[in-house]
Amino acid sequence: MAWRHWVKSGIVSGGSYGSEQGCRPYEIAPCEHHVNGTRPSCDASKGRTPKCVKECQNKNYDVPYKQDLTFGEKSYSVSADEKSIMKEIYQHGPVEGAFTVYDDLILYKSGVYKHVAGKALGGHAIRILGWGEDETSKEKYWLIANSWNTDWGDKGMFRILRGQDECGIESGIVAGIPKV
């Protein structure tokens with residue numbers, strides 16, 4: 001849905017919460033998703049979706065909203081096999097993946113994640129940045145950027161087993177090409 005919005009309506013520039021970067025810096029304050037850290041706990045019941053206001057919120061940004069919009073040329077699904085996903089990343093950069101989060105992912109700190117125990121907590125979208133093979137275990141993995149802040153996992157990143165559709169990670173890949 002977000003990819004279609006990018007193609008049809010465009011998106012404007014922005015930056016991190018509290019920054020003065022771009023047209024619309026991120027409006028939601030950082031919170032702790034699944035660890036005890038320096039930020040308040042995220043509570044979905046207290047969360048709010050910011051209203052869609054089609055104007056720049058950053059008063060120090062000189063580019064008008066309509067001129068700041070960038071559009072996608074196209075968005076698409078990527079075949080659910082590791083070679084197709086690797087080719088897409090190699091040719092066009094990171095892709096979006098969706099997978100099922102289980103209890104044991106919350107405790108992840110290092111290594112190649114494989115679901116072992118615990119109940120399903122729900123779906124989650126992430127960015128797949130690349131791939132590799134663990135030097136010690138020789139397990140193939142995807143390198144993932146998560147959105148749960150740098151207190152979680154390996155500084156906000158994790159590696160998940162590649163080529164086995166672990167937790168459905170290879171079944172919901174989407175990507176897009178920007179309009180230039």
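The values are calculated or read from the model by the stated rules, or taken from the named source; none is laboratory data. Because the structure is predicted, anything quoted here is derived from the model rather than measured. All Cβ positions, glycine included, derive from the backbone under ideal geometry; neighbour counts span all protein chains shown.
If you go through segment 113-138 one residue at a time, how many are closer than 27 Å to residue 91 by Cβ, of a type outside the set (Gly, Ala, Ser) and in contact with a Phe, Trp or Tyr (Cβ under 9 Å, 6 or more places away or on another chain)?
8
Going by the conditions given, is residue 18 of a type outside the set (A, V, I, L, M), touching a residue at least 40 places away in the same chain (Cβ under 8 Å) and on the phi > 0 side of the Ramachandran plot?
So residue 18 does not fit the description; no.
Here's the yes/no breakdown for (1) more than 17 Å from residue 126 (Cβ to Cβ); (2) in the same structural domain as residue 169 (by TED's automatic domain parsing); (3) touching a residue at least 12 places away in the same chain (Cβ under 8 Å); (4) among the β-branched types (Val, Ile, Thr):
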| site | (1), (2), (3), (4) |
| --- | --- |
| 3 | no, no, yes, no |
| 7 | yes, no, yes, yes |
| 14 | yes, no, yes, no |
| 32 | yes, no, yes, no |
| 82 | no, yes, yes, no |
| 86 | no, yes, yes, no |
| 93 | no, yes, no, no |
